[in-house]
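In what follows, a single structure is set out as C-alpha cells and then discussed.
Bear in mind these aren't lab numbers, they're just calculated from the coordinates by the rules spelled out. Quantities reported herein were computed from a predicted structural model and do not represent experimental measurements. Here the Cβ positions follow ideal geometry from the backbone for every residue, glycine too, while neighbour counts run over all protein chains shown.
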Amino acid sequence: MASSLAYTLCIVLCICSLQTAVTAKKLEISFYTHEIRGGPNGTLLAAAGTGAGNFSALGWGSFLTIDNIITEGPNFTTTVLGKFTGFAVMTTKGGLLDGGILVLDQFRFGPASKYNGSSISVTGNLANPPPGPWEVIVLGGTGYFRGYTGYAFSEPYLPTTLAPRFVYKWTFYLKK
Ligand SMILES: *[C@@H]1O[C@H](CO)[C@@H](O)[C@H](O)[C@H]1NC(C)=O
Ligand SMILES: *[C@@H]1O[C@H](CO)[C@@H](O)[C@H](O)[C@H]1NC(C)=O
Ligand SMILES: *[C@@H]1O[C@H](CO)[C@@H](O)[C@H](O)[C@H]1NC(C)=O
Ligand SMILES: *[C@@H]1O[C@H](CO)[C@@H](O)[C@H](O)[C@H]1NC(C)=O
C-alpha cells in the first residue's frame, strides 16, 4: 500500500516536473528609455527630501519620480512604445558610489507596442558607479507578462544621449 502510494506520488511528481520543463518560457527583450533632466519638458523630478527641486543638491534622503518614455530604438524619433514611471530614493550617504539608490518602477506598454496594455515592474538598488550597467530584479508583470520574473540590465546609451536627454538601453531576461 505504502509503496504503491509512493509509486503514484512519484508518477504525479514526474509528470508535473516534465510539464514544467516543457512549458517553461524564456523571453529576452530590449527597449530604450529617455530621461529629460530639467527644463519645461523634464521627466525626472527631484520631488522631495534632500535637494528637492535642485539636482545639484541631491544626496542622502532625496526622493525622485520619473515619467520617461520608452522607445523602440535609441533615437527619440523612433516609435514610442509606452511609459517608464516610478520613483528612486537615495538610501545611502554616498549615493551611487556607495551602493544606494533604491528604485521601484513600472514599464507600461501602449497602443504602438505589441504588448499594449501590459506592464513589467522592477525594483533594486542601483549600486555601481556610472556608467553601470545596473542590474534590477523583475518582480513580475501584468497582461502578456503575467507570471514572468527575472532580471534586467540598464546602461547609458551614449550615441543618442544629448543633455538634458539621457538615453538608457534596457535588456530584460524573463522566464515563467
Ligand atoms: C517641449 O515640448 C514641446 C512639445 O513637444 C516642444 O514644442 C518644445 O520645443 C519642448 N521644449 C524644449 C525645451 O525641449
Ligand atoms: C542648488 O544646489 C547647489 C548645491 O548645493 C547650490 O549651490 C545652489 O545654490 C542651489 N540652487 C538653488 C536655486 O537653490
Ligand atoms: C490598447 O489597449 C487598450 C486597453 O488597454 C485598448 O483600449 C486599445 O484598443 C488597444 N489599442 C490597440 C491599438 O491595440
Ligand atoms: C534621430 O534621428 C533623426 C532622423 O530620424 C536624426 O536626424 C537625428 O540626428 C537622430 N538623433 C540622434 C541623437 O541620433
For this session: Could you check which residue among 50, 33, 23 shows the biggest mean-square fluctuation in a GNM of the chain with a 10 Å Cα cutoff?
Result: 23
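Could you estimate the translational diffusion coefficient of the chain from the Stokes-Einstein equation, with Rh from the Kirkwood formula over C-alpha pairs, at 20 °C and 1.002 mPa s, in whole µm²/s?
Translational diffusion coefficient: 119 µm²/s.
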Problem set entry | Packing-based exposure ordering (other Cβ within 10 Å, fewest first) of 70, 29 | 29, 70
Seminar exercise, completed: CD proxy, 222 nm, the chain: helix-only mean residue ellipticity via -39,500 (n - 2.57) per DSSP H run with n ≥ 4, per residue, nearest 500, stands at -4500 deg cm²/dmol
Exercise. Counting pairs of alpha carbon atoms under 8 Å apart in space and at least six apart in sequence, what relative contact order in percent does the range 107-172 give?
Worked result: 23 percent
For this session: Could you list 122, 167 in order of exposure, starting from the residue whose Cβ has the fewest other Cβ atoms within 10 Å?
Result: 167, 122
Problem set entry | Charged-residue dipole, Cβ positions (Lys, Arg, Asp, Glu), the chain about Cα centre, Debye nearest 20 | 360 debye
Exercise. Ordered by residue, what ³J(HN,Hα) values in Hz, to whole numbers, does the range 77-87 give under the Karplus form 6.51 cos²θ - 1.76 cosθ + 1.60, where θ = phi - 60° and Gly and Pro are x?
Worked result: 7, 7, 4, 7, 8, x, 10, 10, 10, x, 9
Problem set entry | Residue among 107, 133, 156 farthest towards the positive dipole end of the range 26-175, charges placed on Cβ | 107
